[in-house]
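The values are calculated or read from the model by the stated rules, or taken from the named source; none is laboratory data. These numbers come from a predicted model, not from an experiment. Note that we place each Cβ from the backbone using ideal geometry, even for glycine, and neighbour counts take in every protein chain shown.
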């Protein structure tokens, strides 16, 4: 059940209290030994498994409410938890625990002529505020990654996943308690009041970084209103380009997986481009595969000519993240035209080329301005776990600080440690 209605002053007081507790906890967590952090992660994973029925009941409540509100099918799918997804959260926490601790790692070391020794050492960011929508598994992923990287976390999940996120956060708290770490290391904002987000964005004395994860409107609001640095996770308007040098069967597998494996995730492909040089042989089977799998194809004149089921594409479609079984499709004049299209219409998230021509592949890899660029692989690999980085908070489309999958290592900064023996500057 969500918290009762509050006055503006009482909500601000509550948020400030939560933020101060996080700041105090971060000082403890920043110096916590690795075994204790890993113990908390493994205990939280065990709690997720032990309390699976409780989590599922909470999620059923959220899903029923979402359907009653008329939430779109893809959004309900993102919200849904089942045994496999709960197990994936638990396994994700264990994977994070198994990774090396990034904190304290010496990134560089040298000695000056005057005898000063200098080290650049990895340190936590401090307190991270994560604001996210729909997917309750983000609660476990974000909390676990912040814990591993020595950061306290203030989590603000979407109202549609409130009960699910609360049940998952309780498991994280159980893990912290088992390891003797402050429970305020990971806190879930205990209200669905949208004003809580506004307060978070102004709490510069308590929160060091904001990480938003959600739709374009959420990211835009946070980018405009935040007084705290933001690591943005923009929409995944991703493209698969099938080059004239592509192997058709390989292209069919990659395109189908990129679009249809899970249409509601940010790594799903939203645009298919085919080189005009092979459109006569490759476009029809690629389009047919998608249509037969239940995907709506919105195509240009060339795409509509190969199958009567293709509907006309609009200018807006090229710029749209559908998160559904819909794809924009068109023909371009070679790899340079594809690159130009992706850089103009894409969201700089994840894009792929399918080709057996290494020169074309390298041109695409080097010139597409996205956080993740793939050759002969599905865009659905846009995921920290698939990169061997464990879980990730999101895919950053920023160019400062972190880009691409944001895992534990990306949630750190560094400081310089300088050791001398009485040196003074002349």
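Structure notes:
- Pick from segment 152-172, criterion part of a helix (DSSP H, G or I) and without any contact (Cβ under 8 Å) to a residue 40 or more places away in the chain, ranking: surrounded by the most Cβ atoms within 10 Å (Cβ to Cβ): 165
- Any hit, segment 112-124, residues being at pLDDT 95 or above, under 20 Å from the mean Cα position of the chain (by Cα) and either within 23 Å of residue 201 (Cα to Cα) or crowded, with 23+ Cβ neighbours inside 10 Å (or both): yes
- Scanning segment 216-232 for residues that are within 23 Å of residue 341 (Cβ to Cβ) and touching a residue at least 24 places away in the same chain (Cβ under 8 Å) yields 216, 232.
- Any hit, segment 59-74, residues being under 19 Å from the mean Cα position of the chain (by Cα) and buried (at least 17 other Cβ atoms within 10 Å of the Cβ): yes
- Members of segment 23-39 that are in contact with a strand residue (DSSP E or B) (Cβ under 7 Å, 6 or more places away or on another chain) and under 18 Å from residue 174 (Cβ atoms): 25, 29
- Where helices (runs of 4 or more DSSP H) fall wholly inside segment 1-91, the ranges with 1 or more residues that are at pLDDT 95 or above are 8-29, 34-50, 52-68.
- Across segment 398-422, the qualifying residues are those that are crowded, with 17+ Cβ neighbours inside 10 Å and in contact with a strand residue (DSSP E or B) (Cβ under 7 Å, 6 or more places away or on another chain), and the one among them that is nearest to residue 351 (Cα to Cα) is 404.
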